[in-house]
Amino acid sequence: MNTPILTVSDLGVGFVQYAGGLRTRTVPGITGLDLEVREGEILAVLGASGSGKTLLAQAILGILPHNAHVTGEIRYRGERLTAARRRRTLGREISYIPQSVTNLDPLMPVGGQVRIGLDPKTAEQEQRRLFARYGLADEAARLYPFELSGGMLRRVLFATGVRDTVRLVIADEPTPGLHSEAVAEVLRHLRELAADGAAVLLITHDILSAVTVAERVAVMNGGRLVTVESASAFTGEGDGLGHPFARELWRALPQNRFSAGGVEWRW
């Protein structure tokens, strides 16, 4: 069995809010979550809006709002992922591929954005290698984000997040709004990263795409991890799925005749 790259133990995320005067209350976002992602594996995390899947990514990356209260433990390669360790590993060993191409700096050529964090002596050569890997012409390096198509911008996002040293990739909703060919391209890039030995955490609500690329699927609901299933079990009527909630989600898809028994699945 491959070594766990990321281990999440009893994770809790709550938000402290004022409830009148000086009184406060904590609104739960994630409760008691246990999860691990292994090297060379894609683990898809499915959930409706408000299920806590994006909070999970934010907790790992340390980018939660200031009023967030975090309990439990997150370990990266066997060691606790402290704030100091995040500063050393983010962008080098831990890569974040965000949902929106608006995360790119509109005032900076995309080639320069890919070179951020690279060794200045080899940055240009490495940027050209990454552009070639993702089908971007060398000339595109001088262009600004507004001068590129949506598909090209998505490839730039991958290029900014990929380094030879990367061991963990967190992809947050990388496929919404994309046509089928673009979705297939994104999934292929994620599969390539896993094939290179990285652990990939794919945050998504797109069940059909997730099960084509992931080895395992974690299902979240109401801030809790409901079940972790083999991706291969999401087929047919879902009879191979171990948890009834996972079966209902699968059967609720239009392709599966909307046959869920009362499950609520909102985007």
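Each reported figure results from applying straightforward, stated rules to the coordinates on display, with no laboratory input. Owing to the predicted nature of the structure, the values given are computational and were not obtained by experimental measurement. For neighbour counting, all protein chains shown are included, and Cβ atoms are generated from backbone atoms with ideal geometry for every residue, glycine included.
Averaging the sequence gap over all C-alpha pairs within less than 8 Å and six or more residues apart, then dividing by the number of residues, gives the chain a relative contact order of 25 percent. Taking other Cβ atoms within 10 Å as a rough exposure proxy, 207, 30 sort from fewest to most as 207, 30.
Taking the inverse of the mean reciprocal distance over all distinct Cα pairs, the Kirkwood hydrodynamic radius of the chain comes to 19.6 Å.
Compared with the dominant Cα axis of the chain, that is its longest principal axis, helix 180-195 is turned about 90°. Translational diffusion of the range 116-237 was estimated from the Stokes-Einstein equation, with Rh taken as the Kirkwood radius over Cα pairs; at 20 °C and 1.002 mPa s the coefficient is 133 µm²/s.
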